[in-house]
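To start, the structure under review is shown below, and the notes come after it.
The values are calculated or read from the model by the stated rules, or taken from the named source; none is laboratory data. Quantities reported herein were computed from a predicted structural model and do not represent experimental measurements. Because the Cβ atoms are built from the backbone with ideal geometry, glycine has one as well, and the counts that use them run over all protein chains shown.
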Amino acid sequence: MATVSMTVNGQAVSGEVEGRTLLVQFLRENLNLTGTHVGCDTSQCGACVVHVDGDSMKSCTMLALEAEGADVTTIEGLAKGGEMHPMQKAFQDNHGLQCGFCTPGMVMSAIDLVAKNPNPDEATIREQLEGNICRCTGYHNIVKAVQQAAKGG
Amino acid sequence: MYDFNFHSASSAHDAAAKLAASDDGSVMAGGQTLIPVLKQRLANPSDVISLAGAGLSGITKNGDGVTIGATTTHAAVAGSGDVPAALRSVAEGIGDAQVRNRGTLGGSIANNDPAADYPAALLGLGATITTNQRDIAADDFFTGLFETALNDGEIIKSVTFPNATKAAYAKFPNPASRFAMVGVFVAQAADGVRVAVTGATDCAHRGPKLEAALSANWSASALDGITIPADHLNSDIHGSAEYRANLVIVMAKRAVEAAG
Amino acid sequence: MVENGIGASLKRKEDNRFLTGKGNYTDDINRPGQTHVYIVRSPHAHATINSVDISAAKAAPGVVAVYGGQDLIDDAVGGLVCGASVTGKGGEVNKTPPRNVLTIDKARFVGDPIIAVIAETLAQAKDAAELVEIDYTELPSTVSTANSDADGAPQLHEECPNNVALDWELGDKAAVDAAFAAAHKTAKVELINNRMVTNAMEPRAAVGEYNSGTDEITLYVTSQNPHVHRLVMSAFMNIAPEHKFRVVAPDVGGGFGSKIFTYNEEAICAWAAKKINRPVKWTSDRSEGFMSDAHGRDHVSTAEMALDADGKFLGMRVNSKGNMGAYLQLFSVSIPTLFHGFLLAGQYTTPAIYLEMRCVMTNTAPVDAARGAGRPEATYLLERLVDVSAREMGLDPAEIRRRNFIKADQMPYQTPVVQCYDSGDYHASLDKALGMSDYDGFSARQAEAKGRGKLRGIGLSSYIEACGVAPSAAVGSLGVGVGLWESAQVRFNPTGGVTVFTGTHSHGQGHETAFAQLVTDRLGVPVEQVEVVHGDTDKGQFGMGTYGSRSLPVGGVAIVNACDKIIAKGKKIAAHTLEASEDDIEFGEGNFTVAGTDKTMNIAEVAFTAYVPHNYPEGVEPGLDEIAFFDPLNFSFPAGAHVCEVEIDPDTGTLEIVNYTAIDDFGVLVNPMIVEGQVHGGLAHGIGQALLEGCVYDEDSGQLVSGSFMDYCMPRADNLPSFNVDYCPTVPLHNPLGVKGCGEAGAIAAPPAVINAIVNALDIKHLDMPATPEKLWRAAQAAG
């Protein structure tokens, strides 16, 4: 076991982990931040996406110990003062979620997408979301949600 | 995943030392290939040594080309104004946005997945791989299925890509995994026309027939009538060898058109 | 008009928790003292298990217990059950080979569970699982839908000679033969309905917990129907009596059918929790899910149509085989028979239809209901055959449909294959779809595409489905072992808020919002004051769960019926309080009013009076809490017309859907925003089947080749277009709410629309799904 320390949603945290402990396991099991999900075991589905030092990453494909000293944001860290992040609100406004399981990862990816492509067209949104699989929505309303958020909510 | 001891290396030298000190260690850059392999229990290293803090990241442009550090992420390459467009487009097409934020050039080429994109770019541009031990020409580097010229304990530090007059990459992705079903990189490089193909066989390789045709006439139509024998091409549920043979020509033509 | 009632696109109540990471899915649940179970599965498609040595695993660090199938049998735990008994040819009911929770002497598919290893941590359980030594003798395997019934094929079960579980027929063979004898022309198509892995994004999971003080078991599980889970595990598997067994299905991350069934791992968690007196948790890896979740579809069929000189359908003949996998899951043989055969008339007046369906056992994962369940198979087969018929006759696909549609004024319409449709206007749907998709302008677009080197095609799909599953007596007579009514309890709290208990379950469909709208609409209670509760057998009354687009058509009616009981009782209370005759009390928008006066009482005041009955009518019970069970009189029949337009790059076979128009008849829309989302998702599922998804087992080894998202191609955002969705509603005769169900329509309608567009683009007769780039490239090359 080794000790890992990082900042998660603005809070300094640390915990004892094995070398093999994944970041997603650390978040879910050590910190009880169960909003980050695991939907596959081949780094394809994106249900586990979080921000590490500002970039979206798949927390199922990163060791907890690799996040030593990092600044991690999860879905639980987006809302401020009880107000949802504009991307969260856009997903609700546009019915961009159904079962909600892929949603946290989708929202985290979408926020990174808009940060790096401030005025994305539909094709760009669809291409940039290729790492997030949704079985419920057919993506139509997710695309609309990202467009709304990109336009400033 | 089997358990292992995790280490952070402070330099390539330190990584090599830690590797030498381990029973059966693995070096890890972005981990976008190694971690999935470990999760499937297909490897059981005693130690995993991270290069993230080894100071091997960065992009340096000079008059002859660009040198990219081994742990530079695909996203950094794709977003760099110092990197030629053809190489940026290769990086832009690897994996998905999240994989690109973490996966690295060095990790990709050290793994040498037969469907990886970067090997085609290295071969297509005639790049040089610099390790902690020596310089290796790309033509000598990719030796077989998941095999490279790297020795035990040898760690990639950077890759230098010489300038090319014209270059482009065209990729046909596997619809499921998004790896290259076939990817073709074409270039008018310093030493002549280069064509490199990935995804079609067990290891990325140059295409002499295509190079000859394009050397004589740099245009897509120069490739009309050339057929690629399907005998040694990969075949799976996504695409037969014959289909891949077709894609090699089509992607080569599209790359030439894109290169201008 | 009540605010936020039926027809309002109200934003979803459940979104707040899902969007902020506060959803509560089964894998999010951890109980004190919890252990983890990992399942050792067969790596072989077919093998005799000679011996199992668990001694090393038992001694491994952290291991709590290691169990095999005999351990469950010794505790009198029964095997998994098949709930279908369908009568086939010669009056013979389907064979039902037994299935132990953990197989003992034979493994019949890759992933067949054999040993359960329970340890303190999941990693320890996985480590120990590698120490379980199983000695196998590999046997030849058979995975083929078409050939597993052939002479000499490897045999799975002695109960199923030639691997046949059921030979079923439907319809009037002689009449069909006569139609073919008299036909002007005939059309024929041989096709495959490709096997799909359902792949809800949340993998299956279960946590079992035992309370030794009360002798009660609680099972948290990814279920679409927690009461049915409890019933099956109690009545047939003997895990615990129903009154000592609580099943909780918390937030469930998609189901699409795959979470209807009771699975091995869930039974193990419930049983072992008591056995070791500690909570036991299991969460599927995605790769385990690929191996062990019930799969869907997987038919091979030959379909023929007899036509007269005008292109009218005279008769239809279908010969099919359906792959059931290695064991019969819960619905199993009922899907390719009842849910498939009964829809073969489609929207057409075909007077004579005959289907032969053979259900075959193979060395693959069990196959059962998956979004649409039988109806996509019927629709694909029929809508392809209609296009092939149009081609044979030289008719436009729209025209041949129009000539054969059941007309709106023919409703209700009795088809030759059992179903009696109660409503629908198929001409109107098609006309609207053709208009919206500019069908008439297609040839110009095709010519323009040709100039760019692209092959452009357009395809139609006029589909019908039978939803609102289902009238209990009807399904009972056909061999389904349960009633398919639904229940609801509407409980006023003394302070005026309403709690609604529904026996259905939501795993993405937004019931917490749409069902609250029903109550708001009926009772006038503000929607924020209505809470919908589902998914816990200790909270709500028995219910049958969610599948077959039944939640609203059946469960929704139960809710409004319970509301009507509330109103009836409320009238008595209001009449007493307002000193009027009960007959003079009118109810509307939440108020009980004495007709013709301004004397009125809000329903919240009535509720308070019911709970504080100081001044109360004689003979009326206190409280305001009503329950209703609703058994539908008929299925509902959503239908519509979809138009798909595609462009194909002949050099690579790459395909782009350039336009997709869906016109659906779902009757009344309770929440149009949610309905449209259901259409989108269904379309993605159907387009996925048509273009991308295919579950592949190796014919020689029986290994699952498409065992992860690396090889099984899920639809992603960049595979799909935005959709054009609109409606063409008609009024159903039998549904009191006027609703029909919408969750499966897209998955049913889309596959033939896509393939019909492709064959149109390539000018070929047929191409099997999934239409991969290579298939399209080959077809384009052959077509020149």
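Quick notes
- In the stretch A:24-37 there is no residue that is surrounded by 20 or more Cβ atoms within 10 Å (Cβ to Cβ), among the acidic types (D, E) and closer than 16 Å to C:D27 by Cβ.
- Some residue of the stretch A:84-98 being of a type in the set (A, V, I, L, M), surrounded by fewer than 23 Cβ atoms within 10 Å (Cβ to Cβ), in a loop (DSSP other than H, G, I, E, B) and at the interface with another protein chain (Cβ under 9 Å from one of its Cβ atoms): yes
- Among the residues making up the stretch C:14-31, those that are within 20 Å of C:Q224 (Cβ to Cβ), at the interface with chain A (Cβ under 10 Å from one of its Cβ atoms), buried (at least 18 other Cβ atoms within 10 Å of the Cβ) and not small (G, A, S) are C:E14, C:F18, C:Y25, C:D27, C:D28, C:I29.
- Some residue of the stretch B:165-177 being of a type outside the set (A, V, I, L, M, F, W, C), in a strand (DSSP E or B) and over 24 Å from B:L247 (Cβ atoms): yes
- Residue match in the stretch C:313-332 (condition: within 14 Å of C:E169 (Cα to Cα) and assigned to a helix (DSSP H, G or I)): no
- Among the residues here, C:T218 qualifies as over 17 Å from the mean Cα position of the chain (by Cα), of a type in the set (S, T, N, Q) and not in a loop (DSSP other than H, G, I, E, B).
- Against the list (1) more than 14 Å from chain B (Cβ to nearest Cβ); (2) farther than 27 Å from C:A745 by Cα; (3) without any contact (Cβ under 8 Å) to a residue 24 or more places away in the chain, the condition A:K116 fails is (1).
- Of residues in the stretch C:665-674 being closer than 18 Å to C:R550 by Cβ and facing chain A (nearest Cβ under 10 Å), the one surrounded by the fewest Cβ atoms within 10 Å (Cβ to Cβ): C:I674
- Inside the stretch B:52-80, residues that are more than 16 Å from the chain's Cα centre (by Cα), under 23 Å from B:N132 (Cα atoms) and within 14 Å of chain A (Cβ to nearest Cβ) make up a count of 4.
Residue by residue, here is whether (1) within 14 Å of chain A (Cβ to nearest Cβ); (2) on the phi > 0 side of the Ramachandran plot; (3) not in a strand (DSSP E or B) holds:
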| site | (1), (2), (3) |
| --- | --- |
| C:I663 | no, no, no |
| C:Q678 | yes, no, yes |
| C:I687 | yes, no, yes |
| C:E699 | no, no, yes |
| C:G702 | no, yes, yes |
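- The condition of being more than 20 Å from C:L122 (Cα to Cα) and in contact with a strand residue (DSSP E or B) (Cβ under 9 Å, 6 or more places away or on another chain) holds for C:D298.
- Screening the stretch A:41-61 for residues that are touching a residue at least 12 places away in the same chain (Cβ under 8 Å) and within 7 Å of chain C (Cβ to nearest Cβ) and picking the one that is surrounded by the fewest Cβ atoms within 10 Å (Cβ to Cβ) gives A:D41.
- Filter result (surrounded by fewer than 14 Cβ atoms within 10 Å (Cβ to Cβ) and of a type in the set (A, V, I, L, M, F, W, C)) within the stretch C:583-598: C:A595
- In the set (1) within 8 Å of another protein chain (Cβ to nearest Cβ); (2) over 21 Å from C:S461 (Cα atoms), C:G738 fails one condition alone, (1).
- Among the residues of the stretch B:189-228, those identified as part of a strand (DSSP E or B) and surrounded by 16 or more Cβ atoms within 10 Å (Cβ to Cβ) are B:A189, B:V193, B:R194, B:V195, B:A196, B:V197, B:T198, B:H205, B:R206.
- Unique match (being crowded, with 24+ Cβ neighbours inside 10 Å, among the aromatic types (F, W, Y), in a loop (DSSP other than H, G, I, E, B) and within 14 Å of chain A (Cβ to nearest Cβ)) among C:F290, C:F261, C:F256: C:F256
- Filter result (in contact (Cβ under 8 Å) with a residue 60 or more places away in the chain and surrounded by fewer than 18 Cβ atoms within 10 Å (Cβ to Cβ)) within the stretch C:432-445: C:M436, C:R445
- The set of residues in the stretch C:482-495 being touching a strand residue (DSSP E or B) at 6+ places or on another chain (Cβ under 8 Å) and surrounded by 17 or more Cβ atoms within 10 Å (Cβ to Cβ) consists of C:W485, C:E486, C:S487, C:A488, C:Q489, C:V490, C:R491, C:F492.
- For the stretch A:124-153, the candidate set comprises residues that are within 14 Å of chain B (Cβ to nearest Cβ) and part of a helix (DSSP H, G or I); within that set, the residue that is farthest from C:G688 (Cα to Cα) is A:V146.
- Selection status of C:L733, surrounded by fewer than 19 Cβ atoms within 10 Å (Cβ to Cβ) and in contact (Cβ under 8 Å) with a residue 12 or more places away in the chain: yes
- Selection status of A:G105, within 12 Å of chain B (Cβ to nearest Cβ), within 12 Å of the chain's Cα centre (by Cα) and farther than 29 Å from C:Y712 by Cβ: no
- Matching residues, the stretch B:118-153, being among the small types (G, A, S) and outside any strand (DSSP E or B): B:A120, B:A121, B:G124, B:G126, B:A127, B:A138, B:A149, B:G153
- Flag for C:A206 being in contact with a Cys (Cβ under 6 Å, 6 or more places away or on another chain), surrounded by 24 or more Cβ atoms within 10 Å (Cβ to Cβ) and not in a loop (DSSP other than H, G, I, E, B): yes
- The residue list B:V83, B:V90 contains one member that is modelled with pLDDT of 95 or more, under 13 Å from the mean Cα position of the chain (by Cα), of a type outside the set (S, T, Y) and not in a strand (DSSP E or B), which is B:V90.
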